[in-house]
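Here is the structure we will look at, set down as structure tokens.
The values are calculated or read from the model by the stated rules, or taken from the named source; none is laboratory data. Here the structure is a predicted model, which is why all the values come from computation and not from measurement. Cβ atoms come from the backbone with ideal geometry, glycine included; neighbour counts cover every protein chain shown. The area values use the complete protein model at the heavy-atom level, side chains included, leaving out ligands, DNA and RNA. Shrake-Rupley method; radii C 1.70, N 1.55, O 1.52, S 1.80 Å.
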Amino acid sequence: SERYNAPATEAKWRAAWEEADIYATDNDDPRPKYYVLEMFPYPSGRIHMGHVRNYTMGDVVARYRRAKGYNVLHPMGWDAFGMPAENAAMQNKVHPREWTYANIEAMKKQLKSMGLSLDWSREFATCDVAYYHQQQRLFLAFLEAGLVTRKVSKVNWDPVDRTVLANEQVIDGRGWRSGALVEQRELSQWFFKITDYAQDLLDAIDGLDRWPDKVRLMQRNWIGRSEGLRLRFPLTVPGPDDIAELEVFTTRPDTIFGASFMAVAAGHPLAQAVAKRNGEVAAFIEEASRMGTSAQAIESAEKRGIDTRLRVAHPFIEGATLPIYVANFILMEYGTGAIFGCPAHDQRDLDFARKYGLPVTPVVRPKSAGDDFTVGDEAFTDDGVIFNSAFLDGLTIEEAKDSVAGILEQRELDGAAQAKRTVNFRLRDWGISRQRYWGCPIPVIHCEACGIVPVPDEQLPVELPDDVTFDIPGNPLDHHPTWTTVDCPKCGAPARRETDTMDTFVDSSWYFARFTKPHDATRPIDAQVMEEWLPVDQYIGGVEHAILHLLYSRFFMRAVAKTGYGNRPEPFAGLFTQGMVTHETYKDASGQWMFPEDVVWADGKAVHAKTGEPVTVGSVESMSKSKKNVVDPDQIISGYGADTARWFMLSDTPPERDIQWTDAGVDAAHRFVQRVWRIVAEAQARFDTPGTGDGMALRKATHGGIRAIEGDIEGLHFNRAVARLYEWSNALQKALSDDETPGAVLRESIDAMIRCFAPMMPHLAEECWTVIGNQGFAAEASWPLVDESLLVENVITLPVQINGKKRAEVTVPMDAANDAIEAAVLALDDVQRFLNGNPPRRVIVVPRRIVNVVA
Ligand code: ANZ
Ligand code: ZN
């Protein structure tokens, strides 16, 4: 038979699907719903292999569920605001809007070439005015509900670019673009009060049982609930500004007898007060604040500090005092920005104590150790018994925590020093202000007389002005000559528009809800429709979004519920995080990275395709432009077809693991496409032949295959489903190698197999579907039904002897009763022929072994 011409055939079927509009989803369809969603892409310009992998998986799920009779929602859109568009504007003098929409158009074409079963009628970009209009409404609803605040907070300020930098944009204390030393500035910013929901967001993680454990753990850690004590230490002599005490947050009050110093963050009021008179302390603070405020920067830096010369009194040891340091490993934003240090039982404290010669007194020892237990370079953080601790000696850690908390709380009541049990969260409020142009404008107005005034609904949307310039550093909106000036909606006086735009994480925190009724101009979310579709049954995306995007979305949907837009606080019932696509890396003779397409292999050695010079083959890494180890999806799709690319992405590697792109793997996938095509053609030619046997082996392979593949797809084990289809094709190949199998059985098997690989290779399925003479689209065909009696696991084939000679076989359920087996045997044609109409004298069933018929 002819070779299968994938590119041409695929284009034909895509056009046919589009023409018949078969992937549009109706909100009023009465069938049970299934919502499958892949994280929508940022329109960077071209799709990459990561997209191909992600969207292929989602498409398999969508197509499978459709075949299973669900009303499937499978939409696509664009996460279209953000810095890269502004960077392009600065570099290439192209307007962010033009750049973004041009990219969307290009990528949409590419996505379409993959043959994804998407409802494109629901498409939107978050930079569409219609979308951000509704987002501004949500913002104002949240504001009214008390879920938004404005507060002064520290930001990383790049003095050259005159812009706020995200923590990730601060590299070794310098702006990533300008290279200028970054300053810490205080700026009034908008926040969503996600901390109001800290406990709820934490508790509800328990119910997310179709999320990966690692993601649930990451969310728990990010929320970071700690039970502890706020403990106030009196200063032995009042400090500057009459500061009389120092409050710390501790989760380990049981270690209080091992305390050997106090430490405060550089931004702590005590540190600031001391710095006013102490130049050394001031210099230290200045230097420490350069390090960057991210927890990561703090974690990795060497622990350093400076003695303020102030001291506090120990709460339990009469006359004992502890020095107060300003230290670079204390975060101002956590707890109270101050700690008591217990070096023996905290590694950071230990490193610090060793450096500054502070005492290290162990107060918890392992159960097996004696009172001579000491600590070397490693803090002891395991469970144990309290010692060296006066009245706490012999207690467990928990008992000691309780005892210290109880005593200090009682002192508090008596009006002395002083503690209170508290719960502390690592989670901070969500700062959504960005001093950038290409984002959703925050719809408020600043009036001198009225303060902050929400933009009235009839004045929405606050649209981004088109005429902006990116030549001046800073926020282009700030420099706009007229856009910023408005009349106060309340008093009519001249006022100023807010120029901050929203963090793009806001845009992606509700797009999945908007997809349920994407073009509703009357409201952001239609509660009834949204509640019908949400939660998303299967969400698929990269693990890099495991924390912020998912947590923000979970918060957002709680806020949506609070403001009456629909009650679905947990937006994603099932979550899957796929692995990356990797490739070998290559370097040419001068050490420059090379594209894989410029490498050829000669005698097992890699050489430069043009120069013939040797090429160094490096490690296998995630595809990235910087290392050039990328393969362009377009090239694969136009060369081999989308089905080959899709099939490769699903093959061999479990979907949660990194998959290595290799030419050999792609070739193998393409060979399988061709093989399926040949098998279908060969089988089709024999559909009308009777065959010499009963075709039971193929029937079992067929029905076992269907059952296995449905389980594999439902469990998202796509690689296993692929392996089953290889087995299935082998069974077919075998059946075609002789003339035993009846044509009807071949037809049954081919028909079912097409339906089973249709989710993975939809174009090939469509073409094969027509070849075997089926009507309609394979994409609209139902999933094949399993004949349970044929399932390999449950049936057994027994030899049938008649008068001591094997004459037939019978396939029966494994647990069939003897009389059922007897009936099945007597129904066999071969047996009937032998008996010639007479009843048998005897039938002897040896369970699971053999059946003897005595004629
Ligand atoms: C004394 C102590 C002794 C502590 C000991 C630990 C071990 P989690 O569990 O993350 O909540 N801490 C408190 N505020 C801090 C801040 N702003 N910056 C840096 N560290 C801070 O951690 C709570 C512990 O982290 C607290 O308990 C405190 O040190 C420290 F053997 O207090 B601990
Ligand atoms: Zn006013």
inquiry  = Looking at the structure I just gave you, is Val631 touching a His at 6+ places or on another chain (Cβ under 7 Å) and touching a residue at least 24 places away in the same chain (Cβ under 8 Å)?
reply    = yes
query = Name the residues in segment 603-640 that are open to solvent by 60 Å² or more (accessible area, probe 1.4 Å), under 26 Å from Asn54 (Cβ atoms) and assigned to a loop (DSSP other than H, G, I, E, B), would you?
reply = Lys628
query = Quick one: which strands (runs of 3 or more DSSP E) sit completely within segment 134-253 and have at least 2 residues that are modelled with pLDDT of 95 or more and within 30 Å of His345 (Cβ to Cβ)?
reply = 225-234, 245-250
task = Determine which single condition Gly228 fails, assuming it passes every other condition in (1) open to solvent by 50 Å² or more (accessible area, probe 1.4 Å); (2) more than 27 Å from the chain's Cα centre (by Cα); (3) closer than 30 Å to Arg252 by Cβ.
result = (1)
task = Kindly establish whether Leu392 is touching a Pro at 6+ places or on another chain (Cβ under 9 Å), more than 12 Å from ligand 1 (Cβ to nearest atom) and touching a residue at least 40 places away in the same chain (Cβ under 8 Å).
result = no
query = How many residues are away from ligand 2 (no atom under 16 Å from the Cβ), hydrophobic (A, V, I, L, M, F, W, C) and in contact with an Asp or Glu (Cβ under 8 Å, 6 or more places away or on another chain) when one looks only at segment 492-516?
reply = 0
request  = With respect to Pro489, determine if the residue is away from ligand 1 (no atom under 16 Å from the Cβ), more than 18 Å from Trp99 (Cβ to Cβ) and open to solvent by less than 60 Å² (accessible area, probe 1.4 Å).
outcome  = yes
remark   = Flagged in segment 191-223 as of a type in the set (S, T, N, Q) and farther than 16 Å from Tyr539 by Cβ, in numbering order, are Thr195, Gln199, Asn221
remark   = Of the listed residues (Leu350, Leu358), the one being at pLDDT 95 or above, assigned to a helix (DSSP H, G or I) and more than 7 Å from ligand 1 (Cβ to nearest atom) is Leu350
task = Test each condition in (1) touching a helix residue (DSSP H, G or I) at 6+ places or on another chain (Cβ under 9 Å); (2) within 25 Å of Gln134 (Cα to Cα) for Arg646 and report the one that comes out false.
result = (2)
inquiry  = Kindly evaluate Gly224 against the criterion of being on the phi > 0 side of the Ramachandran plot and within 12 Å of ligand 1 (Cβ to nearest atom).
reply    = yes
message = Quick check on Met753: is it modelled with pLDDT of 85 or more, assigned to a loop (DSSP other than H, G, I, E, B) and not basic (Lys, Arg)?
response = no
query = Is it true that Arg14 is open to solvent by 40 Å² or more (accessible area, probe 1.4 Å) and within 31 Å of the chain's Cα centre (by Cα)?
reply = yes
inquiry  = If the requirement is being in contact with a helix residue (DSSP H, G or I) (Cβ under 9 Å, 6 or more places away or on another chain), within 12 Å of ligand 1 (Cβ to nearest atom) and open to solvent by less than 50 Å² (accessible area, probe 1.4 Å), which of these qualifies: Val274, Val248, Val264, Val281?
reply    = Val264
key: Count - residues of segment 39-78 that are assigned to a loop (DSSP other than H, G, I, E, B) and either open to solvent by 30 Å² or more (accessible area, probe 1.4 Å) or out of contact with any helix residue (DSSP H, G or I) (no Cβ under 8 Å at 6 or more places or on another chain) (or both)   = 7
Qualifying residues in segment 22-38 (those that are farther than 24 Å from Asp128 by Cα and assigned to a loop (DSSP other than H, G, I, E, B)) - the one nearest to the chain's Cα centre (by Cα) = Pro32
key: Conditions (1) loosely packed, with under 12 Cβ neighbours inside 10 Å; (2) within 16 Å of ligand 2 (Cβ to nearest atom); (3) under 32 Å from the mean Cα position of the chain (by Cα): number failed by Val423   = (2)
remark   = Picking from Arg657, Arg675, the residue that is within 44 Å of the chain's Cα centre (by Cα) and surrounded by fewer than 14 Cβ atoms within 10 Å (Cβ to Cβ) would be Arg657
request  = Give the residues of segment 683-697 that are in a helix (DSSP H, G or I) and at pLDDT below 95, sorted by residue number.
outcome  = Met696, Ala697
request  = Please give the number of the condition Lys33 fails out of (1) under 30 Å from Gln660 (Cα atoms); (2) open to solvent by 40 Å² or more (accessible area, probe 1.4 Å); (3) touching a helix residue (DSSP H, G or I) at 6+ places or on another chain (Cβ under 8 Å); (4) modelled with pLDDT of 95 or more.
outcome  = (1)
ask   = Name the residues in segment 426-442 that are surrounded by 24 or more Cβ atoms within 10 Å (Cβ to Cβ) and part of a strand (DSSP E or B), would you?
value = Arg434, Pro441
ask   = Pick from Ile540, Ile452, Ile445: which is farther than 30 Å from Glu656 by Cβ, open to solvent by less than 10 Å² (accessible area, probe 1.4 Å) and hydrophobic (A, V, I, L, M, F, W, C)?
value = Ile445
remark   = Contact list, first residue from segment 361-373 and in contact (Cβ under 8 Å) with a residue 60 or more places away in the chain and of a type in the set (A, V, I, L, M), second anywhere and part of a loop (DSSP other than H, G, I, E, B) and surrounded by 10 or more Cβ atoms within 10 Å (Cβ to Cβ), beta-carbon distance below 7 Å, six or more apart or interchain, is Val363/Phe387; Val363/Asn388; Val363/Ser389; Val364/Phe380; Val364/Gly384
query = Pairs under 6 Å by beta carbon, first residue modelled with pLDDT under 95 and aliphatic (A, V, I, L, M) in segment 328-345, partner within 16 Å of ligand 2 (Cβ to nearest atom) and open to solvent by less than 10 Å² (accessible area, probe 1.4 Å), six or more apart or different chains?
reply = none
ask   = Of (1) open to solvent by less than 10 Å² (accessible area, probe 1.4 Å); (2) in contact with a Phe, Trp or Tyr (Cβ under 6 Å, 6 or more places away or on another chain); (3) part of a helix (DSSP H, G or I), Phe81 satisfies all except one. Which?
value = (3)
query = Of all the residues that make up segment 474-491, how many are in a loop (DSSP other than H, G, I, E, B) and either within 16 Å of ligand 2 (Cβ to nearest atom) or among the aliphatic types (A, V, I, L, M) (or both)?
reply = 5
ask   = Among the candidates Thr644, Thr611, which residue alone is more than 28 Å from the chain's Cα centre (by Cα) and among the hydroxyl-bearing types (Ser, Thr, Tyr)?
value = Thr611
ask   = Among the residues of segment 515-532, how many are crowded, with 24+ Cβ neighbours inside 10 Å and either assigned to a helix (DSSP H, G or I) or without any contact (Cβ under 8 Å) to a residue 40 or more places away in the chain (or both)?
value = 1
message = Please count how many residues of segment 295-336 are within 20 Å of Gly258 (Cα to Cα), surrounded by fewer than 23 Cβ atoms within 10 Å (Cβ to Cβ) and near ligand 1 (Cβ under 9 Å from one of its atoms).
response = 1
